[in-house]
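J.: This is the structure I have questions about; it appears just below.
The values are calculated or read from the model by the stated rules, or taken from the named source; none is laboratory data. Fair warning: this is a prediction, and the values are worked out from it, not measured in the lab. Positions of Cβ are backbone-derived with ideal geometry, glycine not excepted, and every protein chain shown enters the neighbour counts. Just so you know, the surface numbers come from the protein's heavy atoms only, side chains and all, with ligands and any DNA or RNA stripped out. Shrake-Rupley method; radii C 1.70, N 1.55, O 1.52, S 1.80 Å.
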Amino acid sequence: MADGTVYLVGAGPGAPDLLTLRAARLLAAADIVFHDALVHPGTIALAERAEKVAVGKRHGEHSTAQAFINKRLVDAARKHRVVVRLKGGDPMLFGRAQEEIDALAVAGIACEVVPGITAALAASADLGISLTRRGMSRSVTFATPRVGRAEQPTDWIKPVLETDTAVLYMSAHEAQSIAAALIARGKPPGTPVAIVENASLPDVAHQITTLKALSTNGFRPLSAPVLLMIGAVYREALERPALHPYCSHQSHLSAA
Ligand code: SAH
């Protein structure tokens with residue numbers, strides 16, 4: 001039998017009904033699904049006939065080594081026709097997609113990527129605040145201070161200082177030192193920060209604060225995924241919270 005194809009599929013930010021139609025179709029057709037820990041059970045359940053294998057990690061928990069995941073994908077494609085690697089948000093953003101794409105290419109296995117809605121976009125929708133509010137922001141930076149093992153650290157602060165709106169992934173556990181580092185490098189202490197956890201999910205929560213307050217008080221790390229969003233577009237919500245029309249998606253029908 002010819003080898004199968006591995007689909008790196010974006011599961012979106014959490015809510016199962018924020019999946020693309022293509023992702024849903026591939027899940028329904030999948031023989032085997034390797035999924036991250038953050039993927040909603042309702043999304044995984046769409047893979048009705050597939051064997052389901054959890055390979056992802058959450059902060060501080062054991063992760064399946066990337067090389068081992070790569071090998072499992074290759075082995076699965078030798079046995080199955082439709083192999084789905086389901087990743088939170090979009091696979092191409094902080095999702096270690098490249099390692100898997102490269103390993104599949106080396107093994108001669110066909111691979112396709114299906115984009116998903118990244119967490120920053122879901123969080124913006126929940127807040128009802130545009131990342132590129134006219135007159136305030138014409139640039140957005142997605143960044144993370146997190147450096148993987150054996151990786152060369154790069155300066156994530158410079159682009160965050162230079163952009164209008166910054167969205168920091170994998171940053172909740174270091175929120176206090178991140179805020180202090182940004183202030184030390186010249187970001188105004190009064191810069192507004194939106195902290196959004198569980199974007200797109202029924203228990204979404206947010207708070208709006210400043211870099212100064214965050215550097216002083218820190219932020220209690222939660223088990224839920226969290227984004228730090230930094231920039232002038234959050235000032236109105238900070239200064240006039242009563243007037244701020246937060247959007248809610250909770251009235252939407254959930255596919256779960
Ligand atoms: N590929 C994913 C990001 C993976 S990195 C994407 O495109 O969204 C994991 C980080 O994403 C988490 O540490 C958190 O910062 C963020 N994240 C993922 N889902 C989230 C959610 N529902 N709400 C808030 N942040 C989320």
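J.: Going from most exposed to least, what order do F94, F34 have by accessible area with a 1.4 Å probe?
T.: Order by accessible area, largest first: F94, F34.
J.: Can you give the FRET efficiency for E112 and R185, using 1/(1 + (r/R0)^6), R0 = 45 Å, r = Cβ-Cβ distance, to the nearest 0.05?
T.: 0.65
J.: Tell me, in nm to one decimal, what length is gained between R96 and A54 on full extension, where the rule is 0.36 nm per residue of separation less the Cα-Cα distance?
T.: Gain on stretching R96 to A54: 13.6 nm.
J.: Taking a probe of 1.4 angstrom, what is the accessible area of E236 in Å², to the nearest 10?
T.: 70 Å²
J.: Next question. Indicate the gyration tensor shape class of segment 23-105 (rounded, prolate or oblate), computed on the Cα atoms with a ≥ b ≥ c the square roots of the eigenvalues: a/c under 1.5 is rounded; otherwise a/b larger than b/c is prolate and the rest oblate. Kindly include the intermediate steps, with their values, before the conclusion.
T.: Details: a/c = 1.55, a/b = 1.12, b/c = 1.39.
Oblate, because a/c is 1.5 or more while a/b does not exceed b/c.
J.: Let me ask another. Pairs of lysine in the chain with Cα under 25 Å and at least 8 positions apart or on different chains: total?
T.: Going through the chain pair by pair, I get 11.
J.: List the relative contact order of the chain as a percent without decimals, with contacts defined as Cα pairs under 8 Å and 6+ residues apart.
T.: 21 percent
J.: With every protein chain left in place and a probe of 1.4 Å, what is the accessible surface of S177, to the nearest 10 Å²?
T.: For S177, solvent-accessible area is about 70 Å².
J.: What does a probe at L161 reach in segment 186-204, counting residues whose amide N is under 17 Å from the point 7 Å along Cα→Cβ?
T.: Counting only backbone N, you get 186-191.
J.: For the chain, set up a Gaussian network in which alpha carbons nearer than 10 Å are linked by springs, and say which option among V147, V82, V53 fluctuates the most.
T.: Residue with maximal mean-square fluctuation among V147, V82, V53: V147.
J.: Rounded to the nearest 500, what is the chain's calculated 222 nm mean residue ellipticity when only DSSP H runs of at least 4 contribute -39500 (n - 2.57) each, over all residues?
T.: -8000 deg cm²/dmol
J.: Could I ask something else about it? Ranked from the most accessible area to the least, with a 1.4 Å probe and all protein chains present, what is the order of K87, K52, K79?
T.: K79, K52, K87
J.: Of all DSSP beta bridges in segment 7-107, what percent run antiparallel (nearest 5)?
T.: Taking every DSSP beta bridge with both residues in segment 7-107, the antiparallel ones total about 10 percent.
J.: Could you order F142, F219 by accessible surface area, starting with the largest, using a probe radius of 1.4 Å?
T.: On the way: F142 75, F219 35 Å².
These residues rank, largest area first, as F142, F219.
J.: Oh, and also: Is segment 99-256 rounded, prolate or oblate when judged by the Cα gyration tensor, a ≥ b ≥ c being the square roots of its eigenvalues, rounded requiring a/c under 1.5 and prolate requiring a/b larger than b/c?
T.: Note, shape of segment 99-256 comes out oblate.
J.: GNM, the chain, Cα, under 10 Å: largest mean-square fluctuation among P241, P16, P91?
T.: In the Gaussian network model the winner is P241.
J.: Sticking with this one: Pop a pseudo-label 7 angstrom from the Cα along the beta-carbon direction at both V147 and A242 and give the gap in nm to one decimal.
T.: The answer from the label model is 4.7 nm.
J.: At what distance in angstrom do the alpha carbon centres of segment 175-246 and segment 113-159 lie from each other?
T.: Rounded to whole Å, the Cα centres lie 14 Å apart.
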